[in-house]
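The structure appears below as C-alpha cells.
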Amino acid sequence: MTAPELTSSVTTADDQALIDALARTAFVVMATLNRIGAEHDLSLTQLRVLAILRDRRGKISELAAFLGLDKSTISGLVDRAERRGLLKRAPNPADGRAVDVFLSAEGIRLAEVGGTQIARALAPMIGQLTKRDGRRLTELLEAILEGDANPDPSYATTIG
C-alpha cells in the first residue's frame, strides 16, 4: 500500500487521532514491557511466553502460531527458557506427537513478579481514569482485539 492509499483509508480527523492515541499508548506500554523484561534478562518475546503460559499449558506449535514464529525458532526459545529453569516440557496427553510447554515454579514466580511490576508501572496511566471510564476503555479495547487475527483467541491474555 502506498502512502496516499494509507491516508485515504483513514477517513476522518477523529480516526487519525484514535490511531495516533493507540500508537502512542502502544509505544509507552512496549517501552514498559521491554524495560521490565530487561530487568529480568528477558526479551519481549520471552516475556510474552511467560504471560501466555502463566495460567495454561500449550503445545509448542500453538505457541509458535500465536507468536508468529516458526517452530524451530520457538523450540530454541523454549530450550533456552527450559535451561534457565523457567519452562518445562511434557508430552501432550491428547496427541502423543505433540509437546506441551508450561511454566516451572521459577517461571510462575517470575511471571508473578513481572506482572506486579508491569501493573505498578502502568498504574499511573490508568489511575487518571474513573472506574467507569476504565471499565469502558477495557470494553472498547476488548472489542478492538476481537478483530485480531490470532490463531487461538484463548491466548489473548493480559501481560500483567
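Which residue fluctuates most in the GNM of the chain (Cα springs below 10 Å): Gly68, Gly96, Gly114?
Ranking Gly68, Gly96, Gly114 by mean-square fluctuation puts Gly96 first.
Using a simple charge model, +1 on the beta-carbon of Lys and Arg, -1 on the beta-carbon of Asp and Glu, nothing else, what dipole does the chain show about its Cα centre, in debye to the nearest 20?
Details: 20 positive and 21 negative charges, 147 e Å.
Using Cβ point charges on Lys, Arg, Asp and Glu, the chain gives about 700 debye.
Hey, what did the chain get for relative contact order, percent, Cα under 8 Å, at least 6 apart? Provide the component values of the computation, followed by the final result.
Details: 123 pairs, mean separation 39.8, N = 160.
Worked out over the chain, it gives 25 percent.
Could you give the length gained by full extension between Thr73 and Ala38, i.e. 0.36 nm per residue of separation minus their alpha carbon distance, to one decimal place?
Numbers: separation 35, 0.36 × 35 = 12.60 nm, distance 2.01 nm.
Between Thr73 and Ala38, full extension yields an extra 10.6 nm.
List the lysines whose Cα lies under 20 Å from the Cα of Lys131, skipping any in the same chain that are fewer than 8 positions away.
none
Taking the dipole about the Cα centre of the range 13-146, with the C-beta of Lys and Arg at +1 and of Asp and Glu at -1, give me whichever of Phe27, Ile74, Ala13 is farthest to the positive side.
Positive-most Cα among the choices belongs to Ile74.
Check Leu87: other-chain or 5+ apart residues with amide H under 5 Å from its amide H, H built from backbone geometry?
For Leu87, the qualifying residues are Glu82, Ser104.
Taking the Cα centre of the range 13-146 as the origin and placing charges on Cβ (Lys, Arg +1; Asp, Glu -1), which of Gln117, Gly107, Gln128 is farthest toward the positive end of the dipole?
So the residue furthest toward the plus end is Gly107.
Between the helical axis of 71-83 and the dominant principal axis of the chain, each derived from Cα atoms, what acute angle in degrees is found, rounded to the nearest 10?
70 degrees
List the residues, sorted by chain then number, that are 5 or more residues from Val99 or on another chain and whose placed amide H is less than 5 Å from its amide H.
Correct list: Ile60, Ser61, Asn92.
Reachable lysines from Lys71, Cα under 23 Å, same-chain residues fewer than 8 places away excluded?
Lys59, Lys88
Once you list every other residue whose beta carbon is under 13 Å from the beta carbon of Leu77, what net charge do they have if Lys and Arg are +1 and Asp and Glu are -1? Mind dumping the intermediate values first?
Working: positive: Arg48, Lys71, Arg80, Arg83, Arg84, Arg89; negative: Asp70, Asp79, Glu82.
In short, +3.
Could you give each residue of the range 51-66 its phi-based ³J(HN,Hα) in whole Hz, using Karplus coefficients 6.51, -1.76, 1.60 with θ = phi - 60°, and x for Gly or Pro?
5, 5, 8, 5, 10, 6, 9, x, 5, 4, 5, 5, 4, 4, 5, 4
On a C-alpha basis, how far is the centre of the range 96-115 from the centre of the range 39-74 in Å? Whole number, if you could?
If we compute the Cα centre of each part, the gap is 10 Å.
In degrees between 0 and 90, to the nearest 10, how far off the longest principal axis of the chain does helix 105-126 point, with axes built from Cα atoms?
The angle comes out at about 10 degrees.
Every read-out reported here was derived from the displayed coordinates using simple, explicitly stated rules and does not represent laboratory data. Here the structure is a predicted model, which means the values were calculated and not measured. Positions of Cβ are generated from backbone atoms using ideal geometry, with glycine treated the same way; all protein chains shown enter the neighbour counts.
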